[in-house]
Amino acid sequence: QKNLSILSPEQIELGKMLLETGQVHLFENWPDPGVDDDDKKALLAQVDLLNSSYPGGLASYIKTARELLADSKAGRNPFDGFTPSVPSGEVLTCGDDNFIQYEESGVKQIQNAAFVLVAGGLGERLGYKGIKVALPMETTTGTCFLQHYIESILSLSKASYKHAQGECQRDVPLVIMTSDDTHGHTLQLLESNSYFGMKPTQVKLLKQEKVACLADNDARLALDPNNKYKIQTKPHGHGDVHALLYSSGLLKEWKDAGLRWVLFFQDTNGLLFKAIPAALGVSVTKEYHVNSLAVPRKAKEAIGGITKLTHTDGREMVINVEYNQLDPLLRATGHPDGDVNCETGFSPYPGNINQLILELGPYIDELSKTGGAIKEFINPKYKDSTKTEFKSSTRLECMMQDYPKTLPPSARVGFTVTEIWLAYAPVKNNPEDAAKVPKGNPYHSATSGETAIYRANSMILRKAGVKVDDPVTQVFNGQEVEVWSRVVWKPKWAVTFSDVKSKVKGNNSVSQKSTLVIKGHNVVIEDLKLDGALIVDSVDEAEVKVGGGSVCNNGWTIESVDKDCVELPEEVRIRGFKINKKEQLEEFYGESGNFCLKP
Ligand code: UGB
């Protein structure tokens, strides 16, 4: 009461709301006016931010938190009444006719699409200090994830324009969701690299805010132990992306501009864009409102499983069930062994890789009802079995793949499974944790993320008719990986399997020790025998034919490094190897015309 005089009418309203929602402790022990006034105002400014950045405001946050905390204390299962079963979806095999057709229809639609990268996570599990999108995707060229993503979008849109036939060619939008942890560095990375070739107006950064922490089962907001005028906050999860897109007005803008699809993707999966065109083709063909990209998943692997859930009351949904919930759900519903591999060597539940394709119209309709709020969950760590106290404060969390949970039964929700080697190699785990992953399960480390790029590109070349040697097995940072020829190409060379197929001709071979880097747009490889390192670059106007002979040199070797060697950059240490560039044939064609690189 005494302090009302120092607060604005808006702040007084916020204060009332807090008192009505059981948050009196926030104001207890406030000194008289004149003491700490700026701190008191700062607390209410923080409350204002927490209130305005949450759909429904803080009162709604506290109400939901109380309900979920009560459920958690009572041990109530969020899947009560639901029986899981294996859903059916579209299964794609890279390079077959079906895949090529889907790719073609997907590429046509790219210019009607907007891309959304969720990159607010700091990557605690990876233990890397910088932002993850700045990490090199592979160290042969040193291209970082963000550069690869942007160049892929630019090349896909260029390929899409070819089908536009006189329609206007629009700049495909890219939204990046950041957080306080990643915003500044992401902007700096973009600005210092001229947005990697995108127009700055094409890229929008939306920053997610953290949410208030909760101190106890009554959902009392937790104060910072070192500052009684500050509420503790923590990330709310990638599910925030829906509310942010909605409140930014971008969805409406896109709809008015005639866009039809929104594609969501994560920060460190260097393979993803190899599967995007075909997956979008599936959305177009099957008219899916929601299409999740998935890969075969090893039982208990730390990615969610796509599951069909059928309720006793008849409700049905196809939804991601997180890996820590799938096993108990299966055990509780007549599968005593829980989450186990079937005869294929994989879990029958496809693994969610959080690449979602949403049809914009139905997405806006749904968000107009929900404001983008996503079903949340809470995961308090209790001090003991009485579940009365927490070890540390907790908060509500939400996941972007839970979007379909509120959809009506009429919504067309499907998924598309494709090979792991083609679509999924995230960089999430630090070397120590990766080395502990059970044999046969993916490491999801910087080591496996990079070697997966070489494997995928080599396998694609093989499918396109190139003779690529078998890989050798090597151990880096305690992880056994296949080392294939280091084949890397820029998206401007190829963004689809058909692109690759049309640019490799005749009899080509690549030995295991080789490195092949293709940077130019119109480069055709024909009758090339490669046993060493070859790097070809050109301006877009040049037509270059490479081949008709052998390239043989000492090449670029892949060499182990000690992960604890502090002199080495962190991005090298976390993969456990470096590329030693000994000898190469490197050519750049800087003007228009036809050229032949005949070794
Ligand atoms: N992210 C944000 O942008 N904001 C946040 O608050 C948190 C994260 P993680 P997670 O593909 O392997 C997901 O931490 O959440 C971004 C799926 O839930 O890497 O443990 C962050 O920057 C799971 O079903 O993953 O697991 C990153 O880009 C499975 O699909 C992205 O969100 C798993 O990913 C994911 O964050 C996977």
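The values are calculated or read from the model by the stated rules, or taken from the named source; none is laboratory data. Please read all numbers here as calculations on a predicted model, not as lab measurements. With ideal geometry, Cβ positions are generated from the backbone for all residues, glycine too; neighbour counts draw on all protein chains shown. These area figures cover heavy atoms from the full protein model, side chains too; ligands, DNA and RNA do not enter into them. Shrake-Rupley method; radii C 1.70, N 1.55, O 1.52, S 1.80 Å.
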> If you put +1 on each Lys and Arg Cβ and -1 on each Asp and Glu Cβ, how big is the dipole of the chain around its Cα centre, in Debye rounded to 20?
Replying inline: 580 debye
>> What does the C-alpha gyration tensor say about the overall shape of segment 265-351? Classify as rounded when a/c is under 1.5, otherwise prolate if a/b is larger than b/c, or oblate.
In response: oblate
> So for segment 213-328, taking the charge dipole from beta-carbon charges (+1 Lys/Arg, -1 Asp/Glu), which of 249, 276, 324 sits furthest toward the positive end?
Replying inline: 276
>> For the pair residue 86/residue 316, report the inter-label distance in nm, with labels modelled 7 Å from Cα in the Cβ direction.
In response: 1.7 nm
> Sorted by mean Cβ packing within 10 Å, highest first, what order do the peptides 321-330, 547-556, 588-597 take?
Replying inline: 321-330, 547-556, 588-597
> Say the dipole of the chain comes from +1 at the beta carbon of Lys and Arg and -1 at that of Asp and Glu; which of 374, 186, 8 then lies farthest toward its positive end?
Replying inline: 374
> Ranked from highest to lowest mean number of other Cβ atoms within 10 Å per residue, what is the order of the peptides 28-39, 3-14, 442-453, 288-299?
Replying inline: 442-453, 288-299, 3-14, 28-39
> Which order, highest average first, do 81-92, 560-571 follow once you tally other Cβ atoms within 10 Å for each residue and take the mean per peptide?
Replying inline: 81-92, 560-571
> Does segment 33-99 come out rounded, prolate or oblate, given a ≥ b ≥ c as the square roots of the eigenvalues of its C-alpha gyration tensor, rounded meaning a/c under 1.5 and, failing that, prolate meaning a/b above b/c?
Replying inline: oblate
> Once label points are set 7 Å from the Cα along Cα→Cβ at both residue 591 and residue 260, what is their separation, rounded to one decimal in nm?
Replying inline: 4.4 nm
> residue 210: which aspartates and glutamates have alpha carbons under 12 Å from its alpha carbon, excluding same-chain residues fewer than 8 sequence positions away?
Replying inline: 180, 181, 240, 397
> Using +1 on the beta carbon of Lys and Arg, -1 on that of Asp and Glu, and nothing else charged, what's the dipole of segment 222-302 about the Cα centre, debye to 20?
Replying inline: 260 debye
> Which pairs in the list 300/391; 132/391; 158/255; 255/519 are over 32 Å apart, alpha-carbon to alpha-carbon?
Replying inline: 255/519
> Among 82, 141, 118, whose Cα sits farthest toward the positive end of the charge dipole of segment 76-147 (+1 at Cβ of Lys/Arg, -1 at Cβ of Asp/Glu, about the Cα centre)?
Replying inline: 118
> Assigning unit charges at the beta carbon (Lys, Arg +1; Asp, Glu -1) and nothing else, what dipole magnitude in debye, to the nearest 20, does segment 27-124 show about its Cα centre?
Replying inline: 340 debye
> How many Å² of accessible area per residue for the chain, probe 1.4 Å?
Replying inline: 43 Å²
>> Run the numbers for residue 35 and residue 180: contour at 0.36 nm per residue of separation, minus the present Cα-Cα distance, in nm.
In response: 49.2 nm
> Looking at the chain, what % of its DSSP beta bridges pair antiparallel, to the nearest 5?
Replying inline: 45 percent
> Where the accessible area of the chain is counted over protein heavy atoms with a 1.4 Å probe, how much of it, in %, is carbon and sulfur?
Replying inline: 49 percent
> What 222 nm value per residue comes from the helices of the chain, counting each DSSP H run with n ≥ 4 as -39,500 (n - 2.57) and dividing by all residues, nearest 500 deg cm²/dmol?
Replying inline: -8500 deg cm²/dmol
> Going by a ≥ b ≥ c, the root eigenvalues of the Cα gyration tensor, does the chain fall in the rounded group (a/c under 1.5), the prolate group (a/b larger than b/c) or the oblate group?
Replying inline: prolate
> At what distance in nm do the modelled label points of residue 70 and residue 199 sit from each other, each positioned 7 Å from its Cα along Cα→Cβ?
Replying inline: 5.3 nm
